[in-house]
Amino acid sequence: MTLALDGVRVLDMTHVQSGPSATQLLAWLGADVVKVEAPGGDVTRGQLRDVPEADSLYFTMLNCNKRSITLNVKTERGREILTALIRGADVLVENFAPGAVERMGFPWERIREINPRIVYASIKGFGPGPYMDFKAYEVVAQAMGGSMATTGFEDGPPLATGAQIGDSGTGIHAVAAVLAALLQRERTGRGQRVDVAMQHAVLNLCRVKLRDQQRLAHGPLAEYPNEDFGDEVPRSGNASGGGQPGWAVRCAPGGPNDYVYVIVQPQGWQPLAALIGRPELADDPEWSTPQARLPKLAKMFQLIEEWTATLPKRQVLHHLNRANIPCGPILSTREIIEDPALADNDMIVEVDHPHRGTFTTVGNPLKLSDSPTTITTPPLLGQHNHEIYIGELGLSQDELPRLQEQGVI
């Protein structure tokens, strides 16, 4: 079956996470993604290594479905080969430090001259301005994009989220931009430059907090559990932050992840009151309306927790779903990796690797009915040098060993 991006060639000049997460999604959608690595390889091949002499899980879980070639673009012959690769590509993605690609001799103007149809996607930490040369990491992006200031409890420090919204979140934004540029190319015949900044991606994901910042001008945020409000959106613990109040309530036996997150909709109060053994609250004017409950959200969730704390979270989940009350158990990483439903949905996938054996990874969250994804093992370093350099670029058989001796590949 033809996949959505069949025939699209992507040069993947990325490393670590933000770029590789983007190019892996493009590969899962059917693009031919050629990972161009320095002869030493992506640094994550050796980071956080758990199996000696094997590529780390950090690398393998971000680079499935790709091909790998090695290339030293600091050499004259390496730059000539990169020029040929650019000429035959549809997309180039890079996440080097600002100015690095230009120092290689490949500013956007040069890339566009080599291939006017190419989509050049550049992922950086920050946009133009005073932050441009800051070094960007996942949690730095969270800090400067609005996430950390609004995550945590009121009396505690700002906290990072476990979701990689700075790196992989930026990668998803980059994929959207690349696909839009490819679609526009169908109409114009021209490629274009795509710029995505990690800080900007995190900010986009934090828009509801900017909504609340503006609402503060008109008074306290009633749906927040906080008692005092200054002139900035406070950290609000596990509050839902939306129109319907929610909280994580403890369940039996009281372990670190024995919680269920419960949303209390207006229509859910009557069945919820019955479940927790307080049916009289459904008609009590002090509790019966959302407006009456807002000033005492902490007490409301305390009453709910007095019931949930007596039951395991799966049993709580069963009762709440039967009553059509929005909820979800807090699933640990172990529970997720062992969840048969996620496996059945191809979101937890087992992949064979020549050096590691089998490893578990996350599947493609983008489900296209006519473009099903098969997750294949990530490439070994330079695994496809012969295939691409000789079979596709037309280099001679005897040049390849010379390039290796000269440190070009």
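The values are calculated or read from the model by the stated rules, or taken from the named source; none is laboratory data. The shown structure was predicted, so the numbers you read here are calculated from the model rather than taken from an experiment. Note: ideal-geometry Cβ built from the backbone for every residue, glycine included; neighbour counts use all protein chains shown. These accessible areas exclude ligands, DNA and RNA; they are computed on the full protein's heavy atoms, side chains included. Shrake-Rupley method; radii C 1.70, N 1.55, O 1.52, S 1.80 Å.
The table below gives the values:
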| read-out | value |
| --- | --- |
| Helices (runs of 4 or more DSSP H) (entirely within region 294-358) containing at least 2 residues that are polar (S, T, N, Q), under 29 Å from Gly243 (Cα atoms) and open to solvent by 60 Å² or more (accessible area, probe 1.4 Å) | 313-322 |
| Yes/no for Arg190 being outside any helix (DSSP H, G or I), of a type outside the set (Gly, Ala, Ser) and more than 15 Å from the chain's Cα centre (by Cα) | yes |
| Residues of region 168-223 that turn out to be open to solvent by 30 Å² or more (accessible area, probe 1.4 Å), over 17 Å from Asp12 (Cα atoms), without any contact (Cβ under 8 Å) to a residue 60 or more places away in the chain and not β-branched (Val, Ile, Thr), as a count | 15 |
| Members of region 16-44 found to be in contact with a strand residue (DSSP E or B) (Cβ under 8 Å, 6 or more places away or on another chain) and of a type outside the set (A, V, I, L, M), listed by number | Ser18, Gly19, Pro20, Thr23, Gln24, Asp32, Lys35, Glu37, Pro39, Gly41, Asp42 |
| Residue selected from region 370-405 under the condition at pLDDT 95 or above and polar (S, T, N, Q), by the criterion least open to solvent (accessible area, probe 1.4 Å) | Ser371 |
| Residue within region 242-259 that is part of a helix (DSSP H, G or I), open to solvent by 70 Å² or more (accessible area, probe 1.4 Å) and in contact (Cβ under 8 Å) with a residue 60 or more places away in the chain present | no |
| Any hit, region 10-32, residues being among the hydroxyl-bearing types (Ser, Thr, Tyr) and over 29 Å from Gly357 (Cβ atoms) | no |
| Restricting region 26-37 to residues that are touching a residue at least 40 places away in the same chain (Cβ under 8 Å) and in contact with a Lys or Arg (Cβ under 8 Å, 6 or more places away or on another chain), the residue that is surrounded by the most Cβ atoms within 10 Å (Cβ to Cβ) | Lys35 |
| Neighbours by Cβ (under 7 Å, 6+ apart or cross-chain): first from region 283-301, among the hydrophobic types (A, V, I, L, M, F, W, C); second assigned to a helix (DSSP H, G or I) | Trp287/Leu281; Trp287/Arg293; Met300/Arg293 |
| Residue in region 84-107 that is assigned to a loop (DSSP other than H, G, I, E, B), of a type in the set (Lys, Arg), free of Cβ contacts under 8 Å to residues at least 60 places away in the same chain and surrounded by fewer than 17 Cβ atoms within 10 Å (Cβ to Cβ) present | no |
| Verdict on Ala239 being in contact with a Leu (Cβ under 9 Å, 6 or more places away or on another chain) and either farther than 24 Å from Pro158 by Cα or of a type in the set (Val, Ile, Thr) (or both) | no |
| Region 260-293, subset assigned to a loop (DSSP other than H, G, I, E, B) and not charged (D, E, K, R), residue surrounded by the fewest Cβ atoms within 10 Å (Cβ to Cβ) | Pro285 |
| Filter result for Leu71 (in contact (Cβ under 8 Å) with a residue 24 or more places away in the chain and within 19 Å of the chain's Cα centre (by Cα)) | no |
| Subset tally (residues that are free of Cβ contacts under 8 Å to residues at least 40 places away in the same chain and closer than 11 Å to Leu272 by Cα) for region 311-332 | 2 |
| Cβ-Cβ under 9 Å pairs, at least 6 apart or on other chains, region 156-167 side in a loop (DSSP other than H, G, I, E, B), far side of a type in the set (Asp, Glu) | Ala160/Glu138; Gln164/Glu138; Ile165/Glu138; Gly166/Glu138; Asp167/Glu138 |
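Let's see how each residue does on (1) more than 17 Å from Leu82 (Cβ to Cβ); (2) open to solvent by less than 40 Å² (accessible area, probe 1.4 Å); (3) without any contact (Cβ under 8 Å) to a residue 12 or more places away in the chain:
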residue: Leu3; (1), (2), (3): yes, no, no
residue: Val8; (1), (2), (3): yes, yes, no
residue: Met13; (1), (2), (3): no, yes, no
residue: Gly19; (1), (2), (3): no, yes, no
residue: Gln24; (1), (2), (3): yes, yes, no
residue: Pro39; (1), (2), (3): no, no, no
residue: Val43; (1), (2), (3): yes, no, no
residue: Ala54; (1), (2), (3): yes, yes, no
